[in-house]
1. For the stretch 116-168, please list each of the strands (runs of 3 or more DSSP E) lying entirely inside it that holds at least 1 residues being open to solvent by 60 Å² or more (accessible area, probe 1.4 Å) and touching an Asp or Glu at 6+ places or on another chain (Cβ under 9 Å).
2. Regarding the stretch 109-128, can at least one residue be identified that is under 18 Å from the mean Cα position of the chain (by Cα) and either modelled with pLDDT under 90 or under 20 Å from residue 62 (Cβ atoms) (or both)?
3. Does the stretch 58-74 hold any residues that are open to solvent by less than 60 Å² (accessible area, probe 1.4 Å) and not in a loop (DSSP other than H, G, I, E, B), and which are they?
4. Suppose we filter the stretch 45-57 for residues that are in a helix (DSSP H, G or I) and in contact with a Leu (Cβ under 9 Å, 6 or more places away or on another chain); how many remain?
5. Among (1) of a type outside the set (Ser, Thr, Tyr); (2) under 17 Å from residue 47 (Cβ atoms); (3) within 14 Å of the chain's Cα centre (by Cα), where does residue 106 come up short?
6. Name the pairs: first residue in the stretch 140-166 and over 20 Å from residue 48 (Cβ atoms), second residue acidic (Asp, Glu) and surrounded by 23 or more Cβ atoms within 10 Å (Cβ to Cβ), Cβ to Cβ under 7 Å, at least 6 apart or on different chains?
7. Show the residue pairs meeting these rules: Cβ distance below 7 Å; 6+ apart or different chains; first residue within the stretch 51-63 and in contact (Cβ under 8 Å) with a residue 40 or more places away in the chain; second residue basic (Lys, Arg).
8. Out of the residues in the stretch 75-90 that are surrounded by fewer than 17 Cβ atoms within 10 Å (Cβ to Cβ) and in a loop (DSSP other than H, G, I, E, B), state the one that is modelled with the highest pLDDT.
Amino acid sequence: MRSRTTAAAVAGLLALTTALTACSGEDDEPTGPPPTLPTRAPALWNPCDGLDPAEVSTAFGATFDTRTGTAEEPLCSFTPQEEGGPALDVNYQLFAGSLEDLVETFGVLAEGATTEVTTPEVPDADDARLIVDVTGDDTLAVTAFVQTGDLVQVVNALDPSPFDRAEVLRGVRTVIAGLATHAAGSDLTG
């Protein structure tokens, strides 16, 4: 019984070896030069590079501590210096589809008593979405998407009660306008 198993294993190994040899490319055609690999990773994008912290503070009517991270680990956040003020976080992703497609990947956005979805006009942007909601604990939550080519920048703003809805929306619109203008000069827009 053992010899049949061994014979079957040897036959299988020979068949595999023959198949691998047939695919080994032993013909005389050159395969071409090996691909060149980048010696350095491309610089990471930091959305904060296109935002003036003083302008952001003015737009929100608040003073912020701005965190931008490092070149290796970029970060873009604005935390309120006064307790109870608005907080803001900005990030990005590259996406080859439309902004409508991207927003749909998050599931159905149910517009209702507290949720509003709008499409603001933003200079230098291909598209934008503004999603405004008031959470159960009476916090104003605003998410904005601004697309320039393949670059989609995302702004998340939170402001606990009592909040000034008009001021927060004005601030978010100021931020996405700055992001779009800065992105227009980048090499990430595709």
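The values are calculated or read from the model by the stated rules, or taken from the named source; none is laboratory data. Since this is a predicted model, take the numbers as computed values, not measurements. Neighbour counts run over all protein chains shown; Cβ positions are idealised from the backbone, glycine included. Remember, those area values only see protein heavy atoms, side chains included, never the ligands or the DNA or RNA. Shrake-Rupley method; radii C 1.70, N 1.55, O 1.52, S 1.80 Å.
1. Passing ranges, in order: 116-118, 151-160.
2. No, every residue in the stretch 109-128 fails to be under 18 Å from the mean Cα position of the chain (by Cα) and either modelled with pLDDT under 90 or under 20 Å from residue 62 (Cβ atoms) (or both).
3. Step one: list which residues in the stretch 58-74 are open to solvent by less than 60 Å² (accessible area, probe 1.4 Å), which gives 59-62, 64, 66, 69, 74.
59, 60, 64, 66, 69, 74 - these are the residues of the stretch 58-74 that are open to solvent by less than 60 Å² (accessible area, probe 1.4 Å) and not in a loop (DSSP other than H, G, I, E, B).
4. Pass one, the stretch 45-57, residues in a helix (DSSP H, G or I): 47-50, 53-57.
Retained after the next criterion (residues that are in contact with a Leu (Cβ under 9 Å, 6 or more places away or on another chain)): 47-48, 50, 56.
Within the stretch 45-57, residues that are in a helix (DSSP H, G or I) and in contact with a Leu (Cβ under 9 Å, 6 or more places away or on another chain) number 4.
5. Here residue 106 clears every test but (2).
6. Listed pairs, sorted by first residue: 140/159.
7. Partner pairs satisfying both residue conditions: 59/170.
8. Once the filter is applied, the top-ranked residue is 81.
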